[in-house]
Ligand code: ADP
Ligand code: MG
C-alpha cells in the first residue's frame, strides 16, 4: 500500500477564498475580533482560577477600541490571555486552526465546566475577516505569565512576519489599517464613533466584558454657562447582560416594553411578553412578543417572519424564519442558544435536529400562552383575535388542515348566541340535546346573516349558528371537517332535517296539492335552478334560494373573485 500524504494547500489562494467568499457582510469583522477578545479574556480568567501566579481582577477585564482617523487605523485591544510566538504562528499563521476550540475541548475532556467561561470561537477562520476591510493587520501580543511580547503583521498577500516587540501588559492589541475607500465601499465608516457603536449594539451587545471607547462630546464649561468645552470620556458601548439571561422576577414590565420597542421598532408596547428558559435535550432562552397591533405591512409580502438568533450572546441573524411557524408569524422576538450548529461564517444555521427541536418547543409555548390568555383574560384574547385571528384561520386552511390539532381551540367566530365571539368548544358545550352538528352560515355582513330566512328557522328551533364573515372561514371549516366529532353544517345548503314527522307529512301533502305549480315554476326557471320544492326553512319569508350539497354559494363567490381560486 502506498504511503498516505497530507493535502497541500495553496495558502495564499485559500486565504483569498476565505476573505472574499465566506461572509456576506464585511461589517462582521468587528464581531469576529471582539468575539476573539472575549474568548481570550475568558481563558485568562479561567487560568487565574487554577494558576496562583495569575490573579485576575474581574472588574479590570475589558476590551478597548480606539480610532486614529489620520492614519486610518482601528484598534481592538484586550487584556486576555495573549499569545506567545508559537501561538501566533499556530493560530494566526494556520488557516482553520482554532486555539479556542482546542481550549474548549480540553476543558470538556477534563470535565471542567465553568459557568464563567463561554468560549465563542470554533472554526479558526474569523480572524481573517479583518482582511475584508484592512490592507494591513498588526497583532501585538503578550502571553499572560510570560515576559516577551511579539508582533505579527500581514497584508494577506505576502504572508506574515513575526518580530519581538514591547508590550507592558498581557493581552492582545490588534490594529487594522483600513483599506482606501472605493466607489462601492466606504471603509472609513469604521472610523466613525456612531458606526462603531451601531456595530457593537448589533452584534456584540451581550459580550460579557465591557467594550469601551473614548468618545468626546461638547458640554457647557459651567452649569448655565454659554461657553462650551470638549469633554473626552471612556464610554462602555455594550449592555453586557442580555435581558433574557436575567432572572424573570427581577425584570419590570417597563424594561420588557422598552426592550421590545427599541429592538423591534414598534411605537406601542407589546400585548404579550413570553420569556422562557428551556433546559434539556436542547438548551435555549427565548424572549417572544405578541404585538398590540399588526404591523402596517403584515398582510403583505413585504412582511418577513422570523426570530432574531443569538449564539452565546453573539448576534447571528435577524430573521431566522424556521423558528416560527407560518400561523404564528406575527410573533417577534429572539432565541439565544449554545446548541445551535452554525455554518463556518456564523451567519447561517445548519438545518438540523436541534433547530427543529427549538422550533417545536417555541410553537407549543406560543400555543399554550394563547390558550391561557383565552382562559384567563377573555378581553385580551379577543383583542389578540381581532389583530391576528385571520392568520390563525389561514393556518387551519393551509396545508389541508394539517395543523388542525394545534389551532382549532384558538378559533373564534361570532355566534347567534348573544351575537358575541365564541370558541368552538363553547359552542359545543351549549349544544342542545340531540343536536349533532355545528350550524354555520357564511356571508359578509353579520346583520344580514342573522336575518336570513334559514337562520330564523334554525334559531327558532333553539339552535345556535356561527356567522362566518371572512372569506377564509368556510374554507377553514371545510378542511377541518369536524370539531369534537361534530360535523359542520351550512344552514344555507342542502337538507337541514329539522322538521318533525308531522311537519314532514304536512309538506308532502302540500307538495302533492301544489304539484302543478311547482313543475310550472321549475319549467320557467329551468336554466337557473335545479329544483323547486316546498320549503321547511321559511318562517317570515315567502321564498329562499338554497345551494345543493358541495360548494356553497359563498364559497363559489369567494373563489370566483380570486385570481388563483384561493381564498
Ligand atoms: P476561532 O475564534 O474560531 O478559533 P479565529 O480565526 O477567530 O478562530 O481565531 C483563531 C485563533 O487565534 C483563536 O482560536 C485563538 O486561539 C487565537 N486568537 C485570536 N484572537 C485572539 C486574541 N485576541 N487573544 C488571544 N488569542 C487570540
Ligand atoms: Mg474567532
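Summary of computed values
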{"read-out": "Burial ordering of 533, 117, 458, fewest other beta-carbon atoms within 10 Å first", "value": "533, 117, 458"}
{"read-out": "Protection-proxy order for peptides 383-396, 224-237, 184-197, 144-157, each taking the mean of Cβ atoms within 10 Å per residue, highest first", "value": "383-396, 144-157, 184-197, 224-237"}
{"read-out": "Computed FRET value (nearest 0.05) for residue 300 with residue 155, which takes r as the C-beta separation and R₀ as 45 Å", "value": "0.40"}
{"read-out": "Exposure proxy ranking, count of Cβ atoms within 10 Å, fewest first, for 524, 423", "value": "524, 423"}
{"read-out": "Of all DSSP beta bridges in segment 400-493, antiparallel share, percent nearest 5", "value": "45"}
{"read-out": "Within segment 112-146: backbone nitrogen closer than 12 Å to the residue 58 label point (7 Å, Cα to C-beta)", "value": "115-117"}
{"read-out": "Per-residue [θ]222 nm for the chain (sum of -39500 (n - 2.57) over DSSP H runs n ≥ 4, rounded to 500)", "value": "-9500 deg cm²/dmol"}
{"read-out": "Amide N proximity, segment 222-243 versus residue 265 label position 7 Å along Cα-to-Cβ, cut-off under 13 Å", "value": "none"}
{"read-out": "Fraction of antiparallel bridges per DSSP, the chain only, in percent to nearest 5", "value": "80"}
{"read-out": "Antiparallel %, DSSP beta bridges [both residues in segment 436-535], to 5", "value": "20"}
{"read-out": "Gained length - residue 319 relative to residue 487, 0.36 nm times residue gap less alpha-carbon distance", "value": "56.5 nm"}
{"read-out": "Extension reserve of the residue 146-residue 556 stretch, reckoned as 0.36 nm per residue once the Cα distance is removed", "value": "139.4 nm"}
{"read-out": "Extension gain (nm, one decimal) between residue 123 and residue 184, 0.36 nm per residue minus Cα-Cα", "value": "19.0 nm"}
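None of the figures in this text is laboratory data; all of them are computed from the coordinates on show. The shown structure was predicted, so the numbers you read here are calculated from the model rather than taken from an experiment. Methodologically, a virtual Cβ is constructed for each residue, glycine included, from the backbone with ideal geometry; neighbour enumeration extends over all protein chains shown.
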